[in-house]
Amino acid sequence: MNTTLTREEGPDFALEEAAFGPTVAPIALPRWLEMLDGLVLALLNIALAFEVVLVFANTLARTMFGTPILLGIEETSQLLLIVVAFLGGAIAYRRGDFMSIKIVVDNMPEKVKNFLTAASEWITIVNALVIGVFSIPLIQMNAGAKTTMLGLDMIWLTVPMTLGAALFVIFALIALWRVPRSASISAAVVVAALLAAILLSKDAAWIDTSWYYIYLLALFVGLLVIGVPIGFVLASVGLGAIVVTDAAPMAAVAMNAQRGAGGFIFLALPFFILAGFIMDRAGIGAKIVDFLASLMGHLRGGMLQVMIVGMYISSGISGSKAADMATIGIPMNRLLNKRGYSKPECAALLAASAAMGEAIPPSIAVLVLGSVTSVSTGALFLAGFLPAATLAASLMLLVYVRARISGWERSERAPLSIVRSSGKAAILPLLMPVVLVGGIVGGVGTPTEVSTFAVVYGIVLGILYRKIKLRDMWSVLSESSILSGMIFFTLAGSTVFSWALSLEGVPQAIADAVGDLGPSLFLPTVIVLTILMGALLESLVTIVILGPLLLPVALHFGIDPLQYGIVMVEAFGIGGILPPIGIALYVSCTICRTQVEKAMRPLTWYLVVMCVALLLVASVPWITTALPTAFNMKG
């Protein structure tokens with residue numbers, strides 16, 4: 001996810017690059033479009049802030065007085081998420097923040113690079129036109145209909161999709177205008193030929209054979225390799241499946257894209273993202289690191305142990321992997337450099353620690369898994385602590401062994417006065433995970449409602465530490481809105497993808513194939529599939545696709561849904577750092593200012609021990625179910 005690295009204190013890369021590795025440059029706009037871009041972003045920021053206040057006040061009133069201020073918040077949340085997904089998605093696309101795989105494109109000759117870039121823009125235009133044009137019948141269908149509680153006109157749940165699609169088209173056309181004309185025209189011809197071939201294949205005989213699966217796989221891999229943003233890759237494959245099979249009307253594509261923006265539980269995502277940015281601005285990472293360093297820094301390899309524990313704690317604060325890496329990685333990088341630790345070693349362990357913390361609440365991956373399956377999000381939150389601790393312990397053991405073998409020197413023990421002062425300063429930041437998990441377990445609110453407390457708590461800490469001023473909140477809201485836009489549009493694309501494939505029974509065929517392996521090989525297979533997809537996509541799409549797909553198989557084999565879910569989430573985290581594609585590895589190398597190639601060697605050791613630890617978690621259900629059982633929370 002995105003981070004809040006600043007140019008003064010972080011690496012010499014833009015925010016987007018720190019979060020996603022190399023990204024496309026922002027699209028330069030005419031002045032009138034710049035104004036429109038700013039107005040849309042202002043609308044997103046105001047809507048996000050308003051919804052935070054509304055949900056927080058409602059939860060507070062219900063907790064204190066037994067009655068909410070406003071009924072029907074679910075309806076306002078649905079409107080906000082659709083606005084974020086399509087209008088926010090368009091703004092994120094224009095600013096180069098969409099997730100895409102650029103490794104192949106960036107290593108091509110300039111002419112080929114221009115051609116592939118233009119082809120990617122044309123494919124974006126085609127997808128946006130389909131969604132925008134076929135959203136118009138939805139507007140006509142919903143005209144006059146009202147929501148149940150607030151009486152909102154239902155057309156407002158579709159209009160943002162139409163407007164967002166129009167913005168996507170405009171931004172992509174402007175980007176094409178800046179590509180050499182020959183590349184733009186030749187790419188248009190090739191994309192048009194591809195579309196014609198797909199349209200002419202409608203109801204062809206090969207659709208009922210294995211060639212249909214080869215076609216879908218080739219379309220998916222081809223679009224991914226040429227750098228098409230992942231949200232549009234998934235939407236394209238979904239459209240490609242619908243067109244050749246004629247399994248549903250095209251208006252259903254727009255309807256499923258709208259549905260993919262999610263409901264009330266999904267609202268926790270932008271709230272926790274906002275909380276993560278606020279916490280980073282409040283500088284709480286440095287306070288946690290200072291306290292841990294005073295406790296453990298004198299041990300052999302102690303500063304690397306500090307990084308592992310610091311990432312475990314930080315993962316319980318923001319929910320965003322890249323935000324956690326920035327929160328702990330930036331202050332840790334300074335300390336590690338002072339004490340002579342190898343930069344590649346630091347980058348490798350930072351990436352591994354981020355993967356370890358994927359299951360710790362309020363993990364965004366866990367929130368998404370709970371949203372797209374029937375598994376309780378609250379129970380998943382509790383279930384993630386011990387499995388993550390198991391992986392953390394394996395990393396700490398490896399650091400200790402490597403320190404002994406390599407003869408890493410010890411540092412001086414910090415005086416007791418330093419331990420006391422740094423511990424006192426870290427008390428409030430360390431209370432954050434207690435507040436979040438305690439609020440959910442204690443019944444104060446749902447994960448969505450408790451996420452607003454995280455936002456307010458972060459603002460209070462920022463003001464208390466004099467790190468956040470009123471003018472800073474606008475930039476924090478902007479960063480949160482843009483990142484949320486990218487995530488929710490990708491989720492909308494993944495919904496189109498999974499829905500289209502389900503019409504032809506593709507998910508069931510995959511589930512049957514995995515189920516044929518038997519219960520003993522099921523979770524190891526889930527680990528391998530999730531790691532590979534996580535490495536390829538490094539997005540929540542992996543969870544959206546695999547989570548609900550394989551859950552029925554897990555239940556059929558008698559595997560606890562909490563164990564299944566946490567194993568998948570941790571495997572997803574490992575996939576995100578798998579070289580050479582894992583984007584989280586690029587983030588850690590950016591923070592630690594080293595090359596990916598140099599970090600890959602020490603990372604191999606950490607990957608091996610984490611995989612072994614994850615197999616242990618998959619073999620021992622108690623590690624996952626102990627805490628939920630203790631608090632009487634079922635999956």
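The values are calculated or read from the model by the stated rules, or taken from the named source; none is laboratory data. Predicted model, so just to flag it, every value in this text is computed and none were measured. We place every Cβ from the backbone using ideal geometry, glycine too, and count neighbours over all the protein chains shown. All accessible areas refer to the heavy atoms of the entire protein, side chains included, with ligands and DNA or RNA removed. Shrake-Rupley method; radii C 1.70, N 1.55, O 1.52, S 1.80 Å.
Kindly provide the set of residues from region 95-114 that are at pLDDT 90 or above and out of contact with any Ser or Thr (no Cβ under 9 Å at 6 or more places or on another chain), ordered by number. Hits for region 95-114 are M108, P109, E110, V112, K113. Taken over region 40-97, the criterion of being surrounded by fewer than 19 Cβ atoms within 10 Å (Cβ to Cβ), in a helix (DSSP H, G or I) and more than 26 Å from the chain's Cα centre (by Cα) is satisfied by A57, L60, A61, R62, T63, M64, F65. Taking the listed residues A241, A188, the one that is among the hydrophobic types (A, V, I, L, M, F, W, C), open to solvent by less than 10 Å² (accessible area, probe 1.4 Å) and either in contact (Cβ under 8 Å) with a residue 24 or more places away in the chain or part of a loop (DSSP other than H, G, I, E, B) (or both) is A241, with no other qualifying. Please indicate, with yes or no, whether at least one residue in region 299-308 is β-branched (V, I, T), touching a residue at least 40 places away in the same chain (Cβ under 8 Å) and open to solvent by 10 Å² or more (accessible area, probe 1.4 Å). Looking through region 299-308, none of the residues is β-branched (V, I, T), touching a residue at least 40 places away in the same chain (Cβ under 8 Å) and open to solvent by 10 Å² or more (accessible area, probe 1.4 Å). Filtering region 446-458 for residues that are over 22 Å from the mean Cα position of the chain (by Cα) and open to solvent by less than 20 Å² (accessible area, probe 1.4 Å) leaves an empty set.
Across region 507-540, the qualifying residues are those that are hydrophobic (A, V, I, L, M, F, W, C) and out of contact with any helix residue (DSSP H, G or I) (no Cβ under 7 Å at 6 or more places or on another chain), and the one among them that is modelled with the lowest pLDDT is L536. The set of residues in region 34-71 that are of a type in the set (G, A, S) and modelled with pLDDT under 80 contains only G66.
So in region 304-353, with the set limited to residues that are of a type in the set (V, I, T) and not in a loop (DSSP other than H, G, I, E, B), which one is modelled with the lowest pLDDT? The selected residue is T327.
Answer with yes or no whether I265 is modelled with pLDDT under 85 and open to solvent by less than 20 Å² (accessible area, probe 1.4 Å). No, not satisfied. Just one of the listed residues (R410, R471) is over 30 Å from A49 (Cβ atoms), open to solvent by 20 Å² or more (accessible area, probe 1.4 Å), of a type in the set (D, E, K, R) and modelled with pLDDT under 85, and it is R410.
The combined condition, being within 18 Å of the chain's Cα centre (by Cα), open to solvent by less than 10 Å² (accessible area, probe 1.4 Å), modelled with pLDDT under 95 and farther than 19 Å from L395 by Cα, is fulfilled by I543. Kindly provide the set of residues from region 200-220 that are open to solvent by 30 Å² or more (accessible area, probe 1.4 Å) and either over 16 Å from P507 (Cα atoms) or outside any helix (DSSP H, G or I) (or both), ordered by number. Once the filter is applied, which keeps residues that are open to solvent by 30 Å² or more (accessible area, probe 1.4 Å) and either over 16 Å from P507 (Cα atoms) or outside any helix (DSSP H, G or I) (or both), region 200-220 yields L200, K202, D203, A205, W206, T209, S210, W211, A218.
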